[in-house]
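Taking it in order: structure first as structure tokens, then the write-up.
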Amino acid sequence: MPKDQKLNYLLDYIAIADLVQRYGHATDTHDFRLLRTCYGDRIDIDHTPTIGMGRIRVSADKWCQLAEKFHGQLDGDEHIMIPQNIVINGDTASCHVLMHASHFYRGANGSPYQTLVGTYDLKFVRSEEGWKITESVQGVSWTEGNWQFHNDIKDSLGTPDLS
């Protein structure tokens, strides 16, 4: 592979790894404008293990509004995101991400702590603004702590309008 191709590959690899970290940071700091910069205009989401709904196609604006309604109720988040197996194919890419997410909710009935351990399988597309997430499939390996407050917050959202 020529040097310029190697350099472009490395720059793309770093940009995608940075995007994964920005996604976790935006969620943890409740910076939903920053979170919006992580996505293309429309995204395919399957976060069935934590929010139900199955696989949906949604505007990134609506998805980030839903994230704000959910995470905005929490008193603290910590997402540790470890990108693995970044595969770049021209203007598209994919990445398997190890995820460890801890949540803190003072208003919980019972323990205010909840942790989930799992994965995200992400797909990306290159845009004029850089790499953007176009698909996110969540897997949960296990949870610890008070899962009930997670369900209570999820249920408080009702049936969100994601059309």
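The values are calculated or read from the model by the stated rules, or taken from the named source; none is laboratory data. These numbers come from a predicted model, not from an experiment. Heads up, the Cβs are rebuilt from the backbone with ideal geometry, glycines too, and the neighbour counts pull from every protein chain shown. Just so you know, the surface numbers come from the protein's heavy atoms only, side chains and all, with ligands and any DNA or RNA stripped out. Shrake-Rupley method; radii C 1.70, N 1.55, O 1.52, S 1.80 Å.
General observations
- Segments classed as strands (runs of 3 or more DSSP E), wholly inside region 70-130, with at least 2 members that are open to solvent by 70 Å² or more (accessible area, probe 1.4 Å) and under 20 Å from L11 (Cβ atoms): 76-89, 113-127
- On inspection, D12 does not qualify as at pLDDT 95 or above and more than 19 Å from P83 (Cβ to Cβ).
- Restricting the first member to region 112-134 and to residues that are under 13 Å from C38 (Cα atoms), and the second to residues that are in a loop (DSSP other than H, G, I, E, B) and small (G, A, S), the beta-carbon pairs closer than 9 Å and six or more apart or on different chains are R126/G90.
- Residues in region 16-32 that are out of contact with any helix residue (DSSP H, G or I) (no Cβ under 9 Å at 6 or more places or on another chain) and either modelled with pLDDT under 95 or part of a helix (DSSP H, G or I) (or both): 7 in all.
- Among the residues of region 61-117, those that are farther than 28 Å from G130 by Cβ, among the aromatic types (F, W, Y) and out of contact with any helix residue (DSSP H, G or I) (no Cβ under 6 Å at 6 or more places or on another chain) comprise F104, Y113.
- Some residue of region 134-144 being in a loop (DSSP other than H, G, I, E, B), at pLDDT 95 or above and more than 23 Å from C64 (Cβ to Cβ): no
- Within region 131-141, the set of residues being out of contact with any Asp or Glu (no Cβ under 8 Å at 6 or more places or on another chain), surrounded by fewer than 20 Cβ atoms within 10 Å (Cβ to Cβ) and among the aliphatic types (A, V, I, L, M) comprises V140 only.
- Scan of region 33-69 for residues that are of a type outside the set (S, T, Y), open to solvent by less than 30 Å² (accessible area, probe 1.4 Å), within 22 Å of G118 (Cα to Cα) and not in a strand (DSSP E or B), ordered by number: L35, C38, H47, G52, G54, W63, C64, L66, A67
- Subset of region 1-24 that is touching a residue at least 12 places away in the same chain (Cβ under 8 Å) and open to solvent by 20 Å² or more (accessible area, probe 1.4 Å) - its residue that is nearest to the chain's Cα centre (by Cα): Y23
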